[in-house]
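Report on one structure; see the data block that follows.
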Amino acid sequence: MTDNTDTIVALATPNGVGAIAVIRLSGPDAINIANSVFKGKDLSKQASHTIHFGSIADGDLILDEVLVSLFVGPRSYTRENVVEISCHASGYIIESIIKLFIKKGARSAKPGEFTLRAFLNGQLDLSQAEAVADLIASNSKASQQVALQQLRGGFSTQLQALREQLVNFASLIELELDFAEEDVEFANRDQLKQLIHEITKIVGRLINSFELGNAIKNGVNTVIAGRPNAGKSTLLNALLNEERAIVSHIPGTTRDTIEEVLNIQGINFRLIDTAGIREATDAIEQIGVQRTMEKISQSALLVYVFDAAKITIEELNSDIASLQKPGVTMLVVANKADLLNKPGSQKVGKPGKNFADLFANQNFDKRDLSTSATSLLQPLGLPDIIFISAKEKRHIDDLKHKIYSSAVKDQLSGDETLVTNIRHLEALQKTEEALVRVLGGIDGSITSDFLSMDIKQALHYLGEITGVVTTDDLLENIFSKFCIGK
Ligand SMILES: Nc1nc2c(ncn2[C@@H]2O[C@H](COP(=O)(O)OP(=O)(O)OP(=O)(O)O)[C@@H](O)[C@H]2O)c(=O)[nH]1
Ligand SMILES: [Mg+2]
């Protein structure tokens, strides 16, 4: 995997017919190999970062007219000699040119091998190399921004500085080991403690940023759930601004889950409309209800919707209690607010028992129902409720804003470093555990050799993130997920 004495070749653009395809060569012989089949200027005599027109020929047979871009190492992506051939994107031409290069001594690149070489040659650290893959996969403004920030080294610089300070202490403690009999302390324990506290704080902040980082990179699973007929599907349609789900006055309309992506300010929310929750009347509906409950526990966000004109306080309280799941944020949404306070609006059950009764004699400004209702809801132990009318598309933007801020909280400040990669998260968590042991060790006055071991562990895990510490397995695992040609 780490052999980079040979020259590799691959198509760098997508497979299929197009205007132009780019074939990339990297390695010590890249320029010679290209030169041996190029009819035009002598490429070995041209300056780096120049482009040359000519043709590629297999003996007398011209394969295509091309543009050749030259990057002389180390001024290239991989820090090796790199040649990029822009040819016409016909499958036949591409295959013929690549075969010709292989005949002349190149070999097919493995997935991610160009970026692997960039990493091995010190052009990128490991977390930056991973950011290249994230950048290619990014599908929203926010995910592109976070990947770009990581590619530019935001994450690495922060970790590098921490590591250096810790290495310093580790060597002082190593020194103590050499003087074991004399019982000296070169490493000031108070200063060490202070440093560990500082590092723990930063590591903790990075760990916490994963929730948002992950939301940005992978989207947020958001379930819309509630009783039948509450208006869940109407709400899904209103949020998407499209008639996606079937809506009807018949309770039990939605039986299977419906998923659609909604992008709010750069973050993708995977909205999942579900079957209404009630005692099912048939087997199919029962499966639907079961699926709803599963979807809720797999989600980060639950938009619980109820019919404000119909529900009783008791039902509302019991719904909220039974749908609360650890790790799932719940937004409580009162739908059909347009029916509240309307003369002749439905009155079911005894007065005072219905949610709507709370508002019977209130003359709220409809535009600000959510805030003015708080004083009525709080004494009943009800949480903040967002009032909307899905059918009349009112306050949908308020709800979107609440959905967005429940995922982002106040973390998205612009240049904040966010962890988006599960591998990084795990390494940070292990770093944190080792740091806790170091602190415990200092307080428990354990011997320098044990202290040194724990510090080394912390260094090891921090180093795994940027690739100061790697194994072939780890590299294989990361780069095999790249596409060929990257
Ligand atoms: N007045 C009023 N009616 C609404 C509103 N939202 C939905 N409805 C009506 O309520 C009925 C049920 O709407 P749906 O969106 O199908 O409800 P649901 O929660 O998806 O129902 P199930 O899929 O059966 O669980 C329909 O007749 C809608 O037109 C609203 O804001 N105001
Ligand atoms: Mg529905």
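Here are some notes:
- I199 being part of a helix (DSSP H, G or I), away from ligand 1 (no atom under 16 Å from the Cβ), open to solvent by less than 10 Å² (accessible area, probe 1.4 Å) and touching a strand residue (DSSP E or B) at 6+ places or on another chain (Cβ under 7 Å): no
- Within the stretch 93-149, being hydroxyl-bearing (S, T, Y) and open to solvent by 50 Å² or more (accessible area, probe 1.4 Å) holds for one residue alone: S108.
- If you go through the stretch 212-234 and keep only what is in contact with a helix residue (DSSP H, G or I) (Cβ under 8 Å, 6 or more places away or on another chain), aliphatic (A, V, I, L, M) and either within 16 Å of ligand 1 (Cβ to nearest atom) or assigned to a helix (DSSP H, G or I) (or both), you end up with L212, A215, I216, V223, I224, A225.
- Applying the set (1) within 16 Å of ligand 2 (Cβ to nearest atom); (2) of a type outside the set (A, V, I, L, M, F, W, C); (3) open to solvent by 80 Å² or more (accessible area, probe 1.4 Å) to P228 leaves exactly one unmet item: (3).
- Selection count, the stretch 279-293, where residues are open to solvent by less than 90 Å² (accessible area, probe 1.4 Å), more than 12 Å from ligand 2 (Cβ to nearest atom) and within 31 Å of the chain's Cα centre (by Cα): 2
- Looking only at the stretch 302-313, and only at residues there that are more than 16 Å from ligand 2 (Cβ to nearest atom) and in a loop (DSSP other than H, G, I, E, B), the one that is farthest from F210 (Cα to Cα): A309
- Among the residues listed as S299, S209, the single one being buried (at least 17 other Cβ atoms within 10 Å of the Cβ), touching a residue at least 24 places away in the same chain (Cβ under 8 Å), part of a loop (DSSP other than H, G, I, E, B) and away from ligand 1 (no atom under 16 Å from the Cβ): S299
- Pick from the stretch 462-486, criterion part of a helix (DSSP H, G or I) and in contact with a Leu (Cβ under 8 Å, 6 or more places away or on another chain), ranking: farthest from N15 (Cα to Cα): L462
- Pair list, Cβ under 7 Å, 6 or more apart: the stretch 429-454 residue aromatic (F, W, Y), other residue buried (at least 16 other Cβ atoms within 10 Å of the Cβ): F450/G441
- Annotation: V419 fulfils all but one of (1) over 30 Å from A109 (Cβ atoms); (2) outside any helix (DSSP H, G or I); (3) in contact with a Phe, Trp or Tyr (Cβ under 6 Å, 6 or more places away or on another chain); the unmet one is (1).
- Listed by first and then second residue, the pairs linking a residue in the stretch 455-476 that is more than 17 Å from N421 (Cα to Cα) to a residue that is assigned to a loop (DSSP other than H, G, I, E, B), with Cβ atoms under 6 Å apart and 6 or more places separating them unless they lie on different chains, are H460/V469; D472/M1.
- The stretch 70-181 holds helices (runs of 4 or more DSSP H) entirely within its bounds, and those carrying 2 or more residues that are touching a residue at least 24 places away in the same chain (Cβ under 8 Å) and of a type in the set (V, I, T) map to 91-103, 126-137, 154-178.
- Boolean, A427 is surrounded by 13 or more Cβ atoms within 10 Å (Cβ to Cβ), at pLDDT 85 or above and within 16 Å of ligand 2 (Cβ to nearest atom): no
- The lone exception for G276 - which of (1) small (G, A, S); (2) over 24 Å from I250 (Cβ atoms); (3) open to solvent by less than 40 Å² (accessible area, probe 1.4 Å) it fails: (2)
- Among the residues of this structure, T222 does not count as one that is of a type in the set (S, T, Y), more than 30 Å from D282 (Cα to Cα) and either open to solvent by 40 Å² or more (accessible area, probe 1.4 Å) or touching a residue at least 12 places away in the same chain (Cβ under 8 Å) (or both).
- Tally of residues being open to solvent by 70 Å² or more (accessible area, probe 1.4 Å) and either without any contact (Cβ under 8 Å) to a residue 12 or more places away in the chain or under 31 Å from the mean Cα position of the chain (by Cα) (or both) across the stretch 21-42: 0
- Taken over the stretch 302-319, the criterion of being among the acidic types (D, E) and buried (at least 18 other Cβ atoms within 10 Å of the Cβ) is satisfied by D307, D319.
- Any hit, the stretch 59-68, residues being out of contact with any Ser or Thr (no Cβ under 7 Å at 6 or more places or on another chain), on the phi > 0 side of the Ramachandran plot and modelled with pLDDT of 95 or more: no
- The stretch 44-69, residues that are free of Cβ contacts under 8 Å to residues at least 24 places away in the same chain, more than 23 Å from Y92 (Cβ to Cβ) and either touching a His at 6+ places or on another chain (Cβ under 7 Å) or not in a strand (DSSP E or B) (or both): S44, K45
- Test result for E164, on the phi < 0 side of the Ramachandran plot and loosely packed, with under 15 Cβ neighbours inside 10 Å: yes
- Complete set of residues in the stretch 245-268 that are more than 11 Å from ligand 2 (Cβ to nearest atom) and crowded, with 17+ Cβ neighbours inside 10 Å: L262, I264, I267, N268
The values are calculated or read from the model by the stated rules, or taken from the named source; none is laboratory data. A quick note: this is a predicted structure, and the numbers were derived from the prediction, not measured. Neighbour counts are summed over all protein chains in view; Cβ atoms, including those assigned to glycine, are modelled from backbone coordinates with ideal geometry. Remember, those area values only see protein heavy atoms, side chains included, never the ligands or the DNA or RNA. Shrake-Rupley method; radii C 1.70, N 1.55, O 1.52, S 1.80 Å.
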